[in-house]
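Everything on this sheet refers to the single structure shown next.
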Amino acid sequence: MIYLACDGDDLFCWLVEEFLREAGASFEKVGLEKLASGGDILEDNTTIYAGGLTEVFLSFLKAYSNTVSGRLVVFVKPVENYPYHLSSQVKRYLLNIHKKKLPVLFVETTPVEHQVNSSLYPEFEHVLIPIFNVEHIFVRDTLPRDGAIVTRFDKCRVLEDLILELGKIGFTSLLINVNAPDKPCFNPFIIDVFTENPVSLLEKSIMGIIGVNDTLSNIVFQMMITDSRPVIACGQSAKNTRYDQTGLVVKVDQCNALDLANAVVNVFNSLESMRKKGTARFVDAYFEKDVERIKSFLA
């Protein structure tokens, strides 16, 4: 029997459920309290946990470490802060599970989690499944020529300077900045948006600019690419190589206004070719292989 337990987030849990159904898995959804209490429900069964690697996961893992048989799949919910402050305690329980030779499969949903967890818990298998798929949310619009630029920066100064640089050549565009933690931007061409689900911003966007290397940036990056939208990545975020083969990623070494302005103009002038690339959704070359691995693990 396959049991699924979710920690809180309704959207994340729904996406995991949809993925499992599409993968042909038959499962029963149960409460975390029932799983954390241990007992026969964990023995000889496959348990799927969907959520963050938080205190809740630690409590569940403590109960699971007392089992002697079964398999565990962990769908890792993206979080904002690294490193995980509970990683040492999580690792202690995982090592007990590893000693019992109980199979554990981690399923990370953005490249950040995949990189971090593979390093923290190398004893176990890790696969990357981008379940934040825009196909689940809305029908894709064609790439517009007039639209907003979705950005992910933690400071307004770069975006304000970018608007000034673009203004020198008569280029104006609305910038929608996702979850900037500093003071709000006061430039009328910048809108601060706070959301855990930035997919609704994509439909009328012409491109994205990523200047922060964190989980939310990876979600925005991934959503833009899977919806065939061009993305400019600068600084540390430019080191993400997973989507280089799409032809939709433009990389800039430094996150300064002049270099970003040049990249924006180049992308804008290439929108016609981008539109041709965007007639079909980007298919991740690794996706099918990782899906098959999960299917075989659950079988």
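Whole-Hz Karplus ³J(HN,Hα) for the stretch 159-170, in order, using 6.51 cos²θ - 1.76 cosθ + 1.60 and θ = phi - 60°, x for Gly and Pro?
After applying 6.51 cos²θ - 1.76 cosθ + 1.60, I find 5, 5, 5, 4, 4, 5, 5, 5, x, 5, 10, x Hz.
Can you tell me how much longer the chain between Ala23 and Glu125 gets when fully stretched, taken as 0.36 nm per residue apart minus their C-alpha distance, in nm with one decimal?
Result for the pair: 34.9 nm of gain on full extension.
Using a simple charge model, +1 on the beta-carbon of Lys and Arg, -1 on the beta-carbon of Asp and Glu, nothing else, what dipole does the stretch 150-223 show about its Cα centre, in debye to the nearest 20?
The calculation lands at about 140 debye.
Any chance you could give the angle, 0 to 90 degrees and rounded to 10, that helix 111-120 forms with the longest Cα principal axis of the chain?
Taking Cα atoms only, the helix is inclined about 40 degrees.
Could you estimate the translational diffusion coefficient of the chain from the Stokes-Einstein equation, with Rh from the Kirkwood formula over C-alpha pairs, at 37 °C and 0.692 mPa s, in whole µm²/s?
160 µm²/s
Okay, which of the stretch 224-263 sit inside 18 Å, backbone N to the point 7 Å along the Cα-Cβ direction of Asp161?
Residues passing the 18 Å test: 233-238, 252-263.
Quick one: angle between helix 215-226 and the longest Cα principal axis of the chain, in degrees between 0 and 90, rounded to 10, please.
Relative to the chain, helix 215-226 is tipped by roughly 70 degrees.
Identify which of Met224, Met207, Met274 has the largest mean-square fluctuation in a Gaussian network model of the chain, with springs joining Cα atoms closer than 10 Å.
The residue that fluctuates most here is Met274.
If you stretched the chain out fully between His98 and Lys251, how much longer would it get, using 0.36 nm times the residue separation minus the C-alpha to C-alpha distance?
51.1 nm
Between Glu43 and Ser118, how high is the FRET efficiency from 1/(1 + (r/R0)^6) when r is the Cβ-Cβ distance and R₀ = 41 Å? Nearest 0.05.
The pair Glu43/Ser118 has a calculated efficiency of 0.90.
With viscosity set to 0.692 mPa s at 37 °C, what whole-number translational diffusion coefficient in µm²/s follows for the stretch 148-279 from Stokes-Einstein and a Kirkwood radius over Cα pairs?
Taking Rh from Cα pairs, D becomes 226 µm²/s.
Among the listed pairs Lys34/Lys295; Lys77/Lys289; Lys155/Lys204; Lys100/Lys295; Lys100/Lys239; Lys77/Lys101, which are separated by more than 27 Å between their Cα atoms?
In this structure, Lys100/Lys239 lie more than 27 Å apart at Cα.
Let me see the P(r) profile for the stretch 193-233: every Cα-Cα distance counted, bins of 10 Å, each bin given as a percent of all pairs.
30, 64, 6
Using the heavy atoms of the protein chains and a 1.4 angstrom probe, tell me the accessible area per residue for the chain in square angstrom.
I get 45 Å² per residue for this part.
Once neighbouring chains are kept in place and the probe is 1.4 Å, which whole percent of the accessible area of the stretch 148-279 is contributed by carbon and sulfur?
With neighbouring chains kept in place, the figure for the stretch 148-279 is 54 percent.
The values are calculated or read from the model by the stated rules, or taken from the named source; none is laboratory data. Small disclaimer: the values here were computed from a predicted structure and weren't measured. Neighbour counts are summed over all protein chains in view; Cβ atoms, including those assigned to glycine, are modelled from backbone coordinates with ideal geometry. Note: accessible area is taken over every heavy atom of the protein model, side chains too, but ligands, DNA and RNA are not part of it. Shrake-Rupley method; radii C 1.70, N 1.55, O 1.52, S 1.80 Å.
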